[in-house]
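Below is one structure, written out as structure tokens; comments come after it.
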Amino acid sequence: MEKLQSISSLVLSARPDNPLHIFRPGAVDKAACFFQSHFQGKVLYAVKTNPEPCILKQLYQLGITSFDVASLEEIRLVHEVLPQAHLHFMHTIKSRRAIREAYHEYGVRDFSLDSKEELQKILEETNQANDLNLYVRLAIPNTYAELNLADKFGATLKEAAELLRATRSHAVSLGICFHVGSQCMHPDAYRIAIRMAAKVIRESKVKVDALDVGGGFPSIYPGMMPPEMDHFFAAIHEEFAKIRGSKEMTLMCEPGRALVAESGSVIVKVELRKGDRLYINDGTYGSLFDAGTPHFIFPVKLIRPESGVAQKEVIPFSFFGPTCDTLDFMKGPFYLPEDVREGDYIEVGQLGAYGRTLATRFNGFAAENDLAWVSDAPLMTMYSGVHSQEPLEVIAA
Ligand SMILES: Cc1ncc(COP(=O)(O)O)c(C=O)c1O
């Protein structure tokens, strides 16, 4: 097994001029093992969160062999990296071509929908297939989530019972799915959603074979300390058990953020300081989109490449990214030693989810392809003391 480097030794030897993207395989290991051993159902991974092939392979190795995909491109990617993986096409509005290719070329049989029109499209493009697993997505309140997905997707409670009835006769397996919103901060969100699903099942009077509670499981950020993950699972298990017929139903979840957030960091360089504003070389058009308008505060750590120890006292800073747009601003506060200066590096953590994957090439600041694999612990963790039985084989740095 190859020994992984530490972030500080990497930075000191490479002195990178561009943002350096970091990957911690150990963090994926811990999160995946936690889900696999505590969630009493099937765990899928939401590929959009971070589609890096090394992550897909690692999750597969750890027993997460089913993937929630949202586009033809994601289907192609997972199929290429893991030809045996089970794909669930869980975007409720798909192009006809995507449905056709997914079914006929990539063997996808699991599709979600939230309207009769989409059901019709799926049936037409699969030539009225009789081997489909279909999931009706419910619109549910996203009250406890930092990022709301409720307005865009889902059938209302009124529509859902009828849609379940219409879908039943076309599905080998019929499921209900929902999303409580991303970075969900309270287990009650799942309780409420599962109760709503139970009500729709009762009203529909048809047999439902699966409940997919979606993603939304939180990670941990400064100022956003969620309850322990066990509480989310306990709420789900309890409410699921109350559904009539649940013993014959499959319980599923499709987390993204909670599985991979801790595995990624970006190392940025301070290009200039103006008082409490730091001009850095990555920003909201790069891997720090969520630090902009969604206003996530990511954990930070100073890495000083020159001799001389940074001061211990920390004060709040805001960041500006490298592009010419004033929206390329990250308010923070990001607490760093008060003598931060040009040439210092900063590790920005918890960026394994919705980090580099959201980066654009705007203004010519494209994210580099390489990921540096490191052994460091994440800056913050939901999963202390969890790891797989066997040390993971490190495939490549
Ligand atoms: C259908 C679906 N499933 C799962 C996820 C993953 O959500 P999260 O990263 O909040 O766990 C998303 C995120 O948008 C989604 O749209």
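The values are calculated or read from the model by the stated rules, or taken from the named source; none is laboratory data. Here the structure is a predicted model, which is why all the values come from computation and not from measurement. Glycine gets a Cβ as well: all are built from the backbone with ideal geometry, and neighbour counts include every protein chain shown. Just the protein is used for accessible areas: all its heavy atoms, side chains included, with ligands, DNA and RNA removed. Shrake-Rupley method; radii C 1.70, N 1.55, O 1.52, S 1.80 Å.
Taking only the alpha-carbon positions of segment 92-134 and ignoring solvent, what does the Debye formula give for the base-10 log of I(q)/I(0) at q = 0.14, 0.24, 0.26 Å⁻¹? Once normalised to I(0) and log-transformed, intensities are -0.24, -0.74, -0.88.
Here's how it looks for LEU44: its modeled amide H is under 5 Å from those of CYS253, GLU254, which are all 5 or more places away or on a different chain. Within the full protein context, the accessible area of MET196 is estimated at about 40 Å² for a probe radius of 1.4 Å.
Which whole-number value in Å³ per residue fits the convex hull of the alpha carbons of segment 25-260?
Looking at segment 25-260, the number lands at 111 Å³ per residue.
Beta bridges assigned by DSSP with both partners in segment 134-282 are antiparallel in approximately 40 percent of cases.
Can you give me the angle between helix 157-168 and the longest principal axis of the chain, using Cα atoms only, in degrees from 0 to 90, rounded to the nearest 10? Tilt relative to the chain: about 60 degrees. Over the chain, the reciprocal of the mean inverse Cα-Cα separation, the Kirkwood hydrodynamic radius, stands at 22.1 Å. Taking the protein heavy atoms of the chain in the context of the full set of protein chains, the accessible area attributed to carbon and sulfur is 51 percent at 1.4 Å. Taking a straight line from the alpha carbon of LYS331, these lysines sit under 20 Å away, with near neighbours fewer than eight places off in the same chain left out: LYS269, LYS274, LYS301. Between VAL172 and LYS331, the C-beta separation translates, for a Förster distance of 56 Å, into a calculated FRET efficiency of about 0.65. Between amide H atoms placed 1.01 Å from N, distances below 5 Å from ASN281 occur with LYS269, GLU271, all of them 5 or more places distant or on a separate chain.
What FRET efficiency, computed as 1/(1 + (r/R0)^6) with R0 = 45 Å and r the Cβ-Cβ distance, is obtained for SER13 and GLU238, rounded to the nearest 0.05?
So, using R0 = 45 Å, E works out to roughly 0.30.
Here LYS152 is the anchor, and the lysines within straight C-alpha reach of less than 24 Å, apart from those fewer than 8 places off in the same chain, are LYS48, LYS94, LYS116, LYS121, LYS199. Listed values for segment 209-222 are Karplus-derived 3J(HN,Hα) couplings in whole Hz (6.51 cos²θ - 1.76 cosθ + 1.60, θ = phi - 60°), namely 9, 8, 10, 10, 7, x, x, x, 4, x, 10, 10, 9, x, and x replaces Gly and Pro. Express in % the proportion of alpha carbon pairs of segment 11-88 at distances exceeding 15 Å. Within segment 11-88, distances greater than 15 Å cover 58 percent of Cα pairs. Mean separation of Cα pairs under 8 Å and 6 or more residues apart, divided by the residue count, gives the chain a relative contact order of 21 percent.
Normalised per residue, the accessible area of segment 143-268 is 39 Å², obtained with a 1.4 Å probe and no contribution from ligands, DNA or RNA.
GNM remark for the chain: springs join alpha carbons under 10 Å apart, and the peak mean-square fluctuation among SER265, SER95, SER219 falls on SER95. At an R0 of 45 angstrom, the distance between the Cβ atoms of HIS86 and LYS3 translates into a FRET efficiency of 0.85. A straight Cα-to-Cα reach below 15 Å connects LYS57 with the aspartates and glutamates ASP29, ASP68, GLU74, GLU80, GLU393, residues fewer than 8 places away in its own chain not being considered.
Assuming 0.36 nm per residue, please report the length gained on full extension of the stretch ALA366 to ASP276 beyond their Cα-Cα distance.
29.8 nm
Once the gyration tensor of the Cα atoms in segment 259-320 is diagonalised, the equivalent ellipsoid follows with semi-axes of 21, 15, 12 Å, ordered largest first. Taking the C-alpha atoms only, the angle from helix 116-125 to the longest principal axis of the chain is near 90 degrees.
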